[in-house]
């Protein structure tokens, strides 16, 4: 079985790249394709086991390393230029255009979908507003190009033989946008990297890139109305906004190494998470430490956090709703058993993902070949 692996882009080691790392753990003979590949040596070894991806012409465009997203209108054309004719299996890892590679009838194409293109579909209006592209000439151009991407995205729906979603939340989105059914296989979380800690201390923790949709400013604003200590880890464009809402009980630490984050995550009374994520790896990591999660009741966290068992939900992304959940948590904090919280996280392990995805692909390929 000659195999090709297609990913949108390789620039950092994030959630989608952890899936790629597992794919290359299972099979070491993939030929890898991507719009760009600017990985450093450490991440290249982790994700691609030292290999370099075959890249598109985007790789050689001006400032592609830092500004590759500016070339979004060219992505559909670029992904279609990869000649995959000789491969038996095409596995795409897609959150943008990877699912749109060209295949023929004698190839099996399985797409592991992290999300349909966010800024063209679900987050379209939010993306335009947060990017300042909801008016003026630039706004008109942005809307036009995103419209064209939506049309192209829909035109590629039948290029995939089997869709695999990273959560039921994304499976529902695939059904809504593409009209296709998908199978759910949750992504890999390195739960063994996090050790159980049963003795919790009197502080709360949140950690994320400080970007608008993560809603760190909401968490900080809510906690500033209490006397409870909150530790914030992360950096990003929203840093000044977050600082402006922080009371004396808020400690903003900025970017920290993993060792610092893990130590705080183990000792925290609870981890607070306000984003609507496709899956959300970090709430699972917190639970792997035995730390319950106070989270927004939408997106992947509804599937990874068990309400009133491993955490507490809040129903609206506003201060009042979060404070209600915080009070509920405090009233029942002794009811959260760290061992049970950790056991919930273990069902999302790397080993489980690699076993499930390997069996799934091999079964589909066997049926395809008859």
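The values are calculated or read from the model by the stated rules, or taken from the named source; none is laboratory data. Everything numeric here is computed off the predicted structure, so don't read it as measured data. Cβ coordinates were reconstructed from backbone atoms using ideal geometry, including for glycine residues, and neighbour counts include every protein chain displayed.
Residues of region 122-151 that are buried (at least 17 other Cβ atoms within 10 Å of the Cβ) and either closer than 30 Å to residue 23 by Cα or touching a strand residue (DSSP E or B) at 6+ places or on another chain (Cβ under 7 Å) (or both): 122, 149. Tell me, yes or no, whether region 321-340 has at least one residue that is outside any helix (DSSP H, G or I), farther than 24 Å from residue 242 by Cα, at pLDDT 95 or above and in contact with a helix residue (DSSP H, G or I) (Cβ under 6 Å, 6 or more places away or on another chain). No, region 321-340 has no match at all. Only one of the listed residues (172, 166) is assigned by TED's automatic domain parsing to the domain that holds residue 70 and without any contact (Cβ under 8 Å) to a residue 12 or more places away in the chain. That residue is 172.
Six or more apart or on different chains, Cβ under 6 Å: which pairs go from a residue in region 13-34 that's in the same structural domain as residue 92 (by TED's automatic domain parsing) and free of Cβ contacts under 8 Å to residues at least 24 places away in the same chain to one that's surrounded by fewer than 18 Cβ atoms within 10 Å (Cβ to Cβ) and part of a loop (DSSP other than H, G, I, E, B)? Could you list them? Partner pairs satisfying both residue conditions: none exist.
When you go through 97, 117, 101 one by one, which is the residue that is in contact (Cβ under 8 Å) with a residue 24 or more places away in the chain, under 28 Å from residue 297 (Cβ atoms), surrounded by 22 or more Cβ atoms within 10 Å (Cβ to Cβ) and touching a helix residue (DSSP H, G or I) at 6+ places or on another chain (Cβ under 7 Å)?
Numbers: 97 fails: under 28 Å from residue 297 (Cβ atoms); 101 fails: under 28 Å from residue 297 (Cβ atoms).
Only one candidate qualifies: 117.
Any residue at all in region 245-260 that's in a helix (DSSP H, G or I), buried (at least 20 other Cβ atoms within 10 Å of the Cβ) and either assigned by TED's automatic domain parsing to the domain that holds residue 325 or at pLDDT 95 or above (or both)? Looking for residues that are in a helix (DSSP H, G or I), buried (at least 20 other Cβ atoms within 10 Å of the Cβ) and either assigned by TED's automatic domain parsing to the domain that holds residue 325 or at pLDDT 95 or above (or both), one finds none in region 245-260, hence no. For region 46-64, the candidate set comprises residues that are on the phi > 0 side of the Ramachandran plot and under 24 Å from the mean Cα position of the chain (by Cα); within that set, the residue that is surrounded by the fewest Cβ atoms within 10 Å (Cβ to Cβ) is 50.
In the set 339, 331, only one residue is farther than 30 Å from residue 26 by Cβ, free of Cβ contacts under 8 Å to residues at least 12 places away in the same chain and either exposed (fewer than 15 other Cβ atoms within 10 Å of the Cβ) or out of contact with any strand residue (DSSP E or B) (no Cβ under 9 Å at 6 or more places or on another chain) (or both); that residue is 331.
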